[in-house]
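Comments concern the structure below.
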């Protein structure tokens, strides 16, 4: 069984489920949301992050790279990702720590050992562990099942943070095993979903129905972005409400857009496509919250 890559194990998290939690961020996601604040989570392979501000331009990385993957152009250092084998030689020789590797393999046992270090916080706050990403449900599902079984057998609450775009059989396998699903809904309009995430939302909506039918505990999370799924008439929001009303769902979290991950794109030699995106006004957020409450959803703004 192949071990998936983990980006980070974030301790003392309070926005990814109840209580104080450890959030495990797996690497790899099938969506390409233009507002993504974790671009290092998109690829399923290891990656090198390069912080140009820390670089002294000594070019040692270039001379030491065994694959000749690092090159210079207009007095700037670049990485040929097709050549890079992630051997970390450039990191070892970087005197200013301008480079770092993203993605580390953990066996189930190694990950559980790390998670157990914070058992005291889980017990005192009624918290637990959130498996996130990237997209956790597109990882090796046998690995994820073993991980969930190991955690729940120790009395650790497990939440799954998912975009919904994964094989339906994967959700069927863990619908009754995970304690909570934090399920993202971005659009009901399929054309908009394709335009802004790169994928249809048909599978996402069907998987949400499936989890509801299985009696899973589901909290809906909706990123709200002005001009995309938020407009003067709240058309897309109302579509989301109508879709959710027949389902076994009571709680909704409204997540205002932010761009705090924008700086990561440059480190990956990528361009942030959401530069002109905006957070809805506080008044609009309260208006949307009121719409959900009117339809009997327990709703709050924020994670």
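The values are calculated or read from the model by the stated rules, or taken from the named source; none is laboratory data. Every value quoted in this text rests on a predicted model; they were computed, and no experiment measured them. Every residue, glycine as well, gets a Cβ built from its backbone with ideal geometry; the counts of neighbours run over all protein chains shown.
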Selection within segment 46-91 - free of Cβ contacts under 8 Å to residues at least 12 places away in the same chain and either more than 23 Å from residue 271 (Cα to Cα) or in contact with a helix residue (DSSP H, G or I) (Cβ under 9 Å, 6 or more places away or on another chain) (or both): 63, 71
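Kindly indicate whether residue 110 is assigned by TED's automatic domain parsing to the domain that holds residue 194 and out of contact with any strand residue (DSSP E or B) (no Cβ under 8 Å at 6 or more places or on another chain). Write out each step before concluding.
On the way: assigned by TED's automatic domain parsing to the domain that holds residue 194: yes; out of contact with any strand residue (DSSP E or B) (no Cβ under 8 Å at 6 or more places or on another chain): yes.
In short, yes.
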Conditions (1) in the same structural domain as residue 223 (by TED's automatic domain parsing); (2) farther than 14 Å from residue 104 by Cα; (3) touching a strand residue (DSSP E or B) at 6+ places or on another chain (Cβ under 8 Å); number of the one not met by residue 51: (1)
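Give, as residue ranges, the helices (runs of 4 or more DSSP H) completely inside segment 151-256 that count at least 3 residues that are under 19 Å from the mean Cα position of the chain (by Cα). Steps first, please.
Details: elements: 168-174, 190-197, 202-213, 235-244.
Filter on segment 151-256 gives 168-174, 190-197, 202-213.
I'd like to check something: does segment 92-108 contain any residue that is over 21 Å from the mean Cα position of the chain (by Cα), in a helix (DSSP H, G or I) and either modelled with pLDDT of 95 or more or under 30 Å from residue 266 (Cα atoms) (or both)?
In the first step, residues of segment 92-108 are kept if they are over 21 Å from the mean Cα position of the chain (by Cα); the result is 92-99.
Narrowing the set further to residues that are in a helix (DSSP H, G or I) leaves 92.
Next, from what is left, pick out any that are either modelled with pLDDT of 95 or more or under 30 Å from residue 266 (Cα atoms) (or both): 92.
Yes: segment 92-108 contains one or more residues that are over 21 Å from the mean Cα position of the chain (by Cα), in a helix (DSSP H, G or I) and either modelled with pLDDT of 95 or more or under 30 Å from residue 266 (Cα atoms) (or both).
I'd like the residue in segment 118-133 that is in a helix (DSSP H, G or I) and within 22 Å of the chain's Cα centre (by Cα) and, out of all such residues, is nearest to residue 181 (Cα to Cα). Quick ask: steps written out before the conclusion?
Step one: filter segment 118-133 for residues in a helix (DSSP H, G or I), giving 118-125.
Now narrow it down to the ones that are within 22 Å of the chain's Cα centre (by Cα): 118, 122.
On the way: 118: 21, 122: 18 Å.
Among residues in segment 118-133 that are in a helix (DSSP H, G or I) and within 22 Å of the chain's Cα centre (by Cα), the one nearest to residue 181 (Cα to Cα) is 122.
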Selection status of residue 203, surrounded by 22 or more Cβ atoms within 10 Å (Cβ to Cβ) and more than 18 Å from residue 286 (Cβ to Cβ): no
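Being assigned to a loop (DSSP other than H, G, I, E, B) and at pLDDT 95 or above is the filter; apply it to segment 279-303 and report the residue that is surrounded by the fewest Cβ atoms within 10 Å (Cβ to Cβ). Walk me through it before giving the result.
Taking segment 279-303 first, the residues assigned to a loop (DSSP other than H, G, I, E, B) are 279-281, 295-297, 302-303.
Narrowing the set further to residues that are at pLDDT 95 or above leaves 279-281, 295-297.
Details: 279: 15, 280: 21, 281: 12, 295: 14, 296: 9, 297: 17.
Step by step, filter segment 279-303, then rank; the result is 296.
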